[in-house]
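A.B. asks: I have a structure I would like to understand better, so I am pasting it below and will then ask my questions one at a time.
The values are calculated or read from the model by the stated rules, or taken from the named source; none is laboratory data. Note that the structure is a prediction, hence the values are computed from the model and not measured. Cβ sites come from the backbone with ideal geometry, for glycine too, and all protein chains shown count toward neighbours. Note: areas computed on protein heavy atoms with side chains; ligands, DNA, RNA excluded. Shrake-Rupley method; radii C 1.70, N 1.55, O 1.52, S 1.80 Å.
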Amino acid sequence: MEGLPHQIVAGIATGGIYASVALALVMIYQATHHVNFAQGEMATFSTYIALTLIQAGLPYWVAFVVTVAVSFVIGVVVERVLLRPMHDAPVLAHVGIFIGLLLVISNLSGWIFDYTVKAFPTPFDTGAPMLGGLVSGHELGSTAVTLAVLTLVYLFFRHTSLGLAMRAAAYNPVSARLVGIRVGWMLALGWGLAAAIGAVAGIMVAPVVFLEPNMMLGILLYAFAGALLGGIDNPAGAVAGGFAVGIIENIGGAYLVGTELKLTLALAIIIAVLLFKPSGLFGRVVVSRV
Amino acid sequence: MAALLEAEGLTAGYGATAVLHGLDFAVEERGVTALLGANGAGKTTTLRAVSGMVRTGGSIRFAGERLDGLATEEIARRGVAHVPDGRGTFMELTVEENMRLGAYTRSDRAEVEADFERVFGYFPRLRQRFRQQAGTLSGGEQQMLAISRALLLRPRLLLLDEPSFGLAPLVVQEIFAIMRRIREEQGVGILLVEQNASLALDFADRAYLLETGRIVVSGPAADIRQDESVRRSYLGY
Amino acid sequence: MAAEDAVPVEVVAAPARPDAPTDSLAWLAVPAMVLLAMAPAFLVESFRLFQLTSVVIYAVAILGLNIVTGYNGQISLGHGAFYAVGAYTTAILMASFGLPYWATLPVSAAVCGALGWGIGFPALRLGGLYLALTTFALAVAVPQVLKHDALETWTGGVQGVFIAKPDAPFGLPLSADQWMYLFTVAIAAAIFVLARNLLRSRIGRAMMAIRDQPTAAEAMGMDLAALKTRTFALSATITGVAGALSAVAVEFVSPDSFSVNLSITLFVGMIVGGVASIFGAVFGGLFVVFVPNLAEDIAGAAPGVLYGAILILFVFVLPTGFAGLLRRVAASARRTTATNDATPGR
């Protein structure tokens, strides 16, 4: 499983994870113009919840669904309790809350579930590589799951009235209120949805990178890179960007910089995007809010 | 019979600046009330006060219920549709999605579909633009879309903020002609803010003249139209 | 841009100029403060002295961050990276090239300034959260770079670099710890005075204008991107010098002491100490050195949880930090004095 085709396929698998986290970030960014630096930490915490449920004897997919639901609720509660009162506060206050949240959640993860690195089960066949040695069972399965989630999210936003209302609230909150949309709740739902998507990403990536409190830090960086590459105000673009950086990471890691500099590669992608295509591939430049 | 909308001692402002200093006005059921006045007189703020978009004092009654203190979205849900200044178009969404948002609070699906047809009857052009991104519409079309979005809420009261603003005279004529039909067919009360006083007075049955946040003249629109001195000193035509 | 964007932001817009004491008092205050700052060198035992040295170093690092984030409004989450680069530059120059510690400081400053410019240039043209994103990524990536094989000859890879704490020069009768403390205080004092003068100058006012009224500042012909980038480079320089001092004081640098947590610590120190306050940086330094120990005593295994909770609490309750609290207390005290003074005259 060494050649370029495998690197691309593996890139798509990790890209699905990055795309999911990038989508979670962009959803919140679009609605509030803030970047949730604690998104990765929240996902890690969710993954711990999943592991606890599985270890308690719940079937994998039951634990999966319960975790996603609980994460959704956590996301809603965080928005209502911490962000809602700060709605009109300056950007720095928001960043302060996100960093505080990051500290609290990551240390809470370590405190409750201890800091040791843990293996995480995969429901997919871990036996012989499939498709002529191109892809492992988990890579295939996790790609299918992330693609299914992304498709569901797309369908939700495109074809349901609630999804439309959430988009309306993000684009134009004033007009949204005038047609009777409860904008505050739309933001909370967005947070819940972002947390749920993050939970799926965490559960899918944990068997590969192993579970520890900082598991999502590097993934968050690639999600940033993906979101910027695709356009930070464009959810579809962010998803495409997430897949793209997944492939870039795998090829770059295999042939260019080695795995020791994977995080630096993410930084390089971010800087390259800012230098050469600041609006991202599919977005508009957002130069306001100096 | 009580009026559809009744404001008493209505005050409002932005931050520390008071803009409205105690207004009393009313809109009758199925009636059209016009708010006239120069730029900065407080007309737009009055509409925003009714919709709960600014902090207010005094009382606002709508169909017997207090509106003041309610959130904007709750006021909309009680049947007050507001076509704001600048038209409030969801530029990134399609015409269809903009219209669906108008009906967001309703659960009577069949009725909503019927209302879509009714709205297309008023503004056939929206049917042609149905799948188009709303940001690509002309100013007149966006105004039509804004009115349609408001009608799809099935409001009992329609707040219209300068529907003629920035539009060619022919388009304005067209829109006001359609609003007359809407008024007759939809049984909706209208609170209209207009710079173009003669247009507004032809359309309205009651009018209030605002000057720096106070009502200086009020009465039946026909009387005000006749009153030479009011016309000269306040309306300038 | 929405109307509310134009309103000066509350957290960031703490009065920038501390109330200037009258000149006669200032002349007395300066020597008094110098004595006060030097005193611990002769009063406390060496471990405490080391802690105080750390406080001063962190205060300088936080001052650097505060200049760009507090005074210029550009949020950096990666100042730990400049601290790390400053520390490594000094350590490498001392260990591999035999330079004396004091001679490494200008080099570390220059390297960090250049790096700051290089990071600021792409990110600050765009404003918004791009700088926060980029610097966060930088902070996460830096330990990896420091560990990398290609640089191992100089950086010592995972092992890091050991250096020796310098003795007091000119045969002064001081221990190495005492000398290090005094040296650090002297450098810090110089940086604080320079920063204060800069912030009160035309350039300082321009920095704050960009923070509070970017549109107006641009309309007045300021080159926002250039000024922000230079401010960021200066801020990186100052934090880099702090890192350099820390290398000497700790006698050791290693990649894992410069994780993203360091950047977050500096950020927390800035918020808790006081955004856009020069003295806030000192409170911030005290906080980041002493509170984690306290937190460990109070919260046992989870000091980080308490640390994060304190940060959130400050954002909610005391967004101007300790410095803002003191300002408020001082202002109300003055008001009380003023009314008392006025009463007998009636």
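A.B. asks: Could you pull the Rg and Dmax for chain A, using just the Cα atoms, both in Å?
C.D. replies: Over chain A's Cα set, Rg and Dmax evaluate to 18.5, 58 Å.
A.B. asks: Over chain B, what is the relative contact order in whole percent, taking alpha-carbon pairs under 8 Å and six or more residues apart?
C.D. replies: 27 percent
A.B. asks: In whole percent, what relative contact order does chain C give with Cα contacts below 8 Å and a gap of six or more residues?
C.D. replies: Averaging sequence separation for qualifying contacts and normalising by length gives 32 percent for chain C.
A.B. asks: Ranked from the most accessible area to the least, with a 1.4 Å probe and all protein chains present, what is the order of C:Phe97, C:Phe290?
C.D. replies: Greatest to least solvent exposure: C:Phe97, C:Phe290.
A.B. asks: Using the alpha-carbon centroid of each, what span in Å lies between segment A:222-286 and segment C:248-269?
C.D. replies: The distance from the Cα centre of segment A:222-286 to that of segment C:248-269 comes to 27 Å.
A.B. asks: Taking just the alpha carbons, could you work out the radius of gyration and Dmax for segment C:37-121, both in angstroms?
C.D. replies: Rg then Dmax for segment C:37-121, in Å: 15.2, 46.
A.B. asks: Once you compute Rg and the Kirkwood Rh from C-alpha atoms, what is the Rg to Rh ratio for segment C:49-345?
C.D. replies: Radius of gyration relative to Kirkwood radius: 1.01.
A.B. asks: Please compute the average number of Cβ atoms from other chains found within 10 Å of each residue's Cβ in peptide C:148-160.
C.D. replies: The shielding value for this peptide is 1.
A.B. asks: While we're on this one: Given R₀ = 51 Å, what would the calculated FRET efficiency be for B:Gln195 paired with A:Phe210, taking r from the Cβ atoms and rounding to 0.05?
C.D. replies: E between B:Gln195 and A:Phe210, to the nearest 0.05, is 0.15.
A.B. asks: Place the peptides B:31-43, C:191-203, A:185-197 in order of packing, highest mean first, counting for every residue the other Cβ atoms within 10 Å and averaging per peptide.
C.D. replies: Result, highest mean first: A:185-197, B:31-43, C:191-203.
A.B. asks: May I ask for log10 I(q)/I(0) of the protein assembly as shown at q = 0.05, 0.06, 0.07 Å⁻¹, from a Debye sum over the Cα atoms as equal point scatterers with solvent left out?
C.D. replies: Reported log10 I(q)/I(0), two decimals: -0.35, -0.50, -0.66.
A.B. asks: Starting from the 7 Å offset along Cα-to-Cβ, what nm value, one decimal, do you get for the label separation of C:Phe42 and C:Arg205?
C.D. replies: Once both label points are built, they end up 4.3 nm from each other.
A.B. asks: Size of segment A:139-290 along its principal axes in angstrom, Cα-based, largest extent first?
C.D. replies: Here the spans come out as 54, 36, 26 Å, largest first.
A.B. asks: At 222 nm, what helix-only mean residue ellipticity would chain A give, in deg cm²/dmol to the nearest 500, using -39500 (n - 2.57) for each DSSP H run of four or more?
C.D. replies: Mean residue ellipticity at 222 nm (helix-derived): -24000 deg cm²/dmol.
A.B. asks: Same structure, new question: At 7 Å along Cα-to-Cβ for each site, give me the label-to-label distance between A:Ala119 and C:Phe170 in nm.
C.D. replies: That separation, rounded to one decimal, is 6.6 nm.
A.B. asks: Run down the aspartates and glutamates and flag those whose C-alpha is under 12 Å from the C-alpha of B:Lys43, throwing out any fewer than 8 positions away in its chain.
C.D. replies: The reachable aspartates and glutamates, counting only those whose Cα sits under 12 Å from B:Lys43, are B:Asp85, B:Asp161, B:Glu162, B:Glu194, B:Glu211.
A.B. asks: Then there is this: Full extension from B:Arg127 to B:Glu65: what is 0.36 nm times the residue separation minus their Cα-Cα distance, to one decimal in nm?
C.D. replies: 18.7 nm
A.B. asks: Work out the FRET efficiency for B:Arg181 and B:Glu74 from their Cβ-Cβ distance, taking R0 = 30 Å, and round it to the nearest 0.05.
C.D. replies: My answer for the efficiency is 0.50.
A.B. asks: Could you pull out every one of the lysines with an alpha carbon less than 30 Å from that of C:Lys228, ignoring same-chain neighbours closer than 8 positions?
C.D. replies: A:Lys262, A:Lys277
A.B. asks: Top to bottom by accessible area (1.4 Å), largest first, where do C:Ile57, C:Ile92 land?
C.D. replies: C:Ile92, C:Ile57
A.B. asks: At a Förster radius of 51 Å, what calculated FRET efficiency corresponds to the Cβ-Cβ distance of B:Phe165 and A:Ile8, to the nearest 0.05?
C.D. replies: Once rounded, the FRET efficiency stands at 0.40.
A.B. asks: Rounded to the nearest 5, what % of the DSSP beta bridges within the protein assembly as shown are antiparallel ones?
C.D. replies: Of those bridges, close to 60 percent are antiparallel.
A.B. asks: For segment C:119-184 and segment A:44-66, what is the centre-to-centre distance using only Cα atoms, to the nearest Å?
C.D. replies: Value for the Cα centre distance between the two parts: 41 Å.
A.B. asks: Still on this structure, please answer the following. P(r) of segment A:13-142 in 10 Å steps, Cα pairs, percent per bin?
C.D. replies: 11, 34, 33, 17, 5, 1
A.B. asks: If you consider only alpha-carbon coordinates, what radius of gyration and Dmax does segment A:67-169 have, in Å?
C.D. replies: Considering segment A:67-169 through its Cα atoms, Rg and Dmax are 19.3, 56 Å.
A.B. asks: After finding the eigenvalues of the alpha carbon gyration tensor for segment C:104-164, what semi-axes result from the square roots of 5 times each, listed largest first in whole Å?
C.D. replies: Over the Cα atoms of segment C:104-164, the semi-axes work out to 27, 16, 9 Å.
A.B. asks: While we're on this one: Looking at chain C as a GNM with Cα springs under 10 Å, which of C:Tyr83, C:Tyr71, C:Tyr307 has the largest mean-square fluctuation?
C.D. replies: Comparing C:Tyr83, C:Tyr71, C:Tyr307 in a Gaussian network model of chain C, the most mobile one is C:Tyr307.
A.B. asks: So how much accessible area does A:Glu139 have, in Å² to the nearest 10, using a 1.4 Å probe?
C.D. replies: Estimated to the nearest 10 Å², A:Glu139 gives 40 Å².
A.B. asks: Also, I was wondering about something else. Between segment B:94-163 and segment A:150-183, what is the C-alpha centre distance in whole Å?
C.D. replies: If you average the Cα positions of each part, the centres end up 17 Å apart.
A.B. asks: Ok, one more. When the Cα atoms of chain B are enclosed in a convex hull and the volume is divided per residue, what value in Å³ results?
C.D. replies: With only Cα atoms used, chain B gives 123 Å³ per residue.
A.B. asks: What angle, in degrees between 0 and 90 and rounded to the nearest 10, separates the Cα long axis of helix A:161-171 from the longest principal axis of the Cα atoms of chain A?
C.D. replies: 70 degrees
A.B. asks: To the nearest 10 Å², what's B:Asp108's accessible area with a 1.4 Å probe?
C.D. replies: Number for this one is 60 Å².
A.B. asks: Could I ask something else about it? Can you pull the Rg over Rh of segment B:1-81, Cα-only, Kirkwood?
C.D. replies: 0.94
A.B. asks: Over all residues in A:177-190, what is the mean tally of Cβ atoms on other chains that come within 10 Å of each residue's Cβ?
C.D. replies: 6
A.B. asks: Please name whichever of B:Leu36, C:Leu326, B:Leu10 sits farthest to the positive end of the charge dipole of the protein assembly as shown, dipole taken about the Cα centre and charges placed at Cβ: Lys and Arg +1, Asp and Glu -1.
C.D. replies: With unit charges placed on the Cβ atoms, the residue in question is B:Leu36.
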